[in-house]
Amino acid sequence: MPRQIVRVITPGTVGEEMVLTAAEKNYLLTIVHAGDGFAVAALDVLTGEFLVTQIRDVSNLVEEVARIAPREIVNRGS
């Protein structure tokens, strides 16, 4: 039987209820340099909750990432 990829599982995309507790957020986060600051977007794949904000200062960016506590940070590539 030929093998093929049928599912990709990473920390930010796990949606199995037996792996996660109901109160646990499972954010997938991305950061993009936008003008004079940064755009931050986070998605909880399990619940569909979507957060987005723009931050100008790098120290505030670090605080926001720590507050969200993402399971995974993705980059759009270059």
Tally of residues being open to solvent by 70 Å² or more (accessible area, probe 1.4 Å), touching a residue at least 12 places away in the same chain (Cβ under 8 Å) and not basic (Lys, Arg) across region 59-78: 2
Residues of region 14-33 classified as surrounded by 10 or more Cβ atoms within 10 Å (Cβ to Cβ) and either closer than 16 Å to Val74 by Cα or at pLDDT 85 or above (or both), total: 8
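The values are calculated or read from the model by the stated rules, or taken from the named source; none is laboratory data. Keep in mind it's a predicted model, so treat the numbers as computed, not measured. In this analysis, Cβ positions are derived from the backbone assuming ideal geometry, glycine residues included, and neighbour counts consider all displayed protein chains. In case anyone asks, the SASA skips ligands and DNA or RNA and just uses the protein heavy atoms, side chains included. Shrake-Rupley method; radii C 1.70, N 1.55, O 1.52, S 1.80 Å.
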